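Every read-out reported here was derived from the displayed coordinates using simple, explicitly stated rules and does not represent laboratory data. The structure displayed is predicted, hence computed values, not measured ones. Methodologically, a virtual Cβ is constructed for each residue, glycine included, from the backbone with ideal geometry; neighbour enumeration extends over all protein chains shown.
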Amino acid sequence: MSSPKKITIREVLSDVLLTAAALVLMFVAWQQWWTNVEADRAYAAQEQTLIHDWGAPTGPDGIPGASTHRDHHKPAVGQQRKVILEGLMYIPRLHSNVWGTPIVYGTSLYDLAHGVGRYQGSAGFGGYGNLAIAGHRTTHGRPFRHLDSLHRGDVVAIRSQNAWFIYALDQLKIVKPEDSWVAAPQPYPGAPTRMLTLSTCNPLHSAKQRLIWWGHFVRSQSDASTPVELRKAT
Amino acid sequence: MYRWIFRRLPGPTWVRIVSLAIIGAAVTWVLFDQVFPWAEPFVNQPTSP
């Protein structure tokens with residue numbers, strides 16, 4: 001046994017400060033790294049659950065699987081479902097990011113940890129009005145990290161249980177967080193009657209602004225076969 | 001503080017080091033699984049996708 005030297009106030013103080021520093025660093029590590037690890041797992045599990053619920057994926061195209069991209073884990077058997085899953089999103093240009101990304105209902109921090117979130121009260125898939133969907137730019141799987149690298153005319157495809165909905169992008173806008181009008185129906189004169197709004201934080205690692213993309217509804221198809229627009233990408 | 005904990009742990013030095021590592025891992029797990037998810041809304045602005 002070592003000689004029990006008296007522990008000084010100074011030592012306690014230094015330990016407390018070191019602990020505080022370690023906590024801050026650990027929080028950063030958790031937010032910037034671990035939330036992504038967790039979200040990737042959650043996304044994959046949800047995608048599997050949805051596809052399982054929808055019945056076997058169709059055709060050899062295997063689009064619904066998307067399992068070639070991320071290391072997909074086993075379907076979440078018996079996993080509690082606390083978010084409302086509505087569909088899956090595919091953006092050919094963001095092939096490695098947004099491909100079979102779960103679309104959940106709602107945009108709370110919790111919802112967005114499980115996919116991209118459809119704003120409450122916004123239009124349904126392919127519906128009249130504005131279908132507004134938000135996603136994280138950083139942390140929690142960061143599905144919309146590269147939203148700024150999309151181009152006008154790019155395809156955004158949404159799969160629901162029975163149908164595919166194809167949208168094409170029109171314009172990018174940087175707005176303030178309180179500019180919720182961008183997600184309203186008819187946000188600008190001459191806006192499409194059936195439109196899409198994608199939103200995420202801007203600039204990267206900040207929440208000062210929102211980066212949004214407006215798009216319009218192109219078409220829907222009621223069979224589950226892979227849409228032509230996505231075949232090009234695969 | 002840490003010295004005090006180290007002193008209180010039983011066994012030879014290597015056992016204490018292993019014990020400390022296990023305690024550290026457990027604390028990290030609790031932080032990652034419970035504390036940080038709870039604390040996140042306070043650290044970030046309420047809606048920051």
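One table, with the values for the structure above:
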read-out: Net dipole in debye of the stretch A:85-187 [+1 Lys, Arg Cβ; -1 Asp, Glu Cβ; about Cα centre; nearest 20]; value: 220
read-out: Partner chain coverage, peptide A:17-26 - average Cβ within 10 angstrom; value: 2
read-out: Selected from A:Thr139, A:Thr197, A:Thr19 as most flexible by GNM, with chain A as the system and alpha-carbon contacts under 10 Å; value: A:Thr19
read-out: Partners for A:Lys176 among lysines (Cα-Cα distance below 26 Å; same-chain residues under 8 apart left out); value: A:Lys208
read-out: Relative exposure of A:Glu86, A:Glu11, judged by other C-beta atoms within 10 Å (fewest first); value: A:Glu11, A:Glu86
read-out: Top positive-direction residue, dipole computed over chain A with Cβ charges, set A:Trp30, A:Asn97, A:Leu131; value: A:Trp30
read-out: Neighbour-count ranking [beta-carbon atoms within 10 angstrom, fewest first] of A:Ile212, B:Ile22; value: B:Ile22, A:Ile212
read-out: Pairwise label distance in nanometres, A:Leu23 with A:Gln171, each label 7 Å out on the Cα-Cβ vector; value: 4.8
read-out: Dipole magnitude of chain A, debye to nearest 20 (Cβ charges: Lys/Arg +1, Asp/Glu -1, about Cα centre); value: 400
read-out: Karplus-derived 3J(HN,Hα), 6.51/-1.76/1.60, for each residue of the stretch A:201-212, Hz, glycine and proline x; value: 7, 8, x, 3, 6, 9, 10, 5, 10, 10, 9, 10
read-out: Farthest positive-ward along the protein assembly as shown dipole, Cα basis, beta-carbon charges - from A:Leu172, A:Cys201, A:Trp54; value: A:Cys201
read-out: Residue of A:Ala183, A:Ala207, A:Ala157 that the Gaussian network model of chain A assigns the largest fluctuation, springs spanning Cα pairs under 10 Å; value: A:Ala207
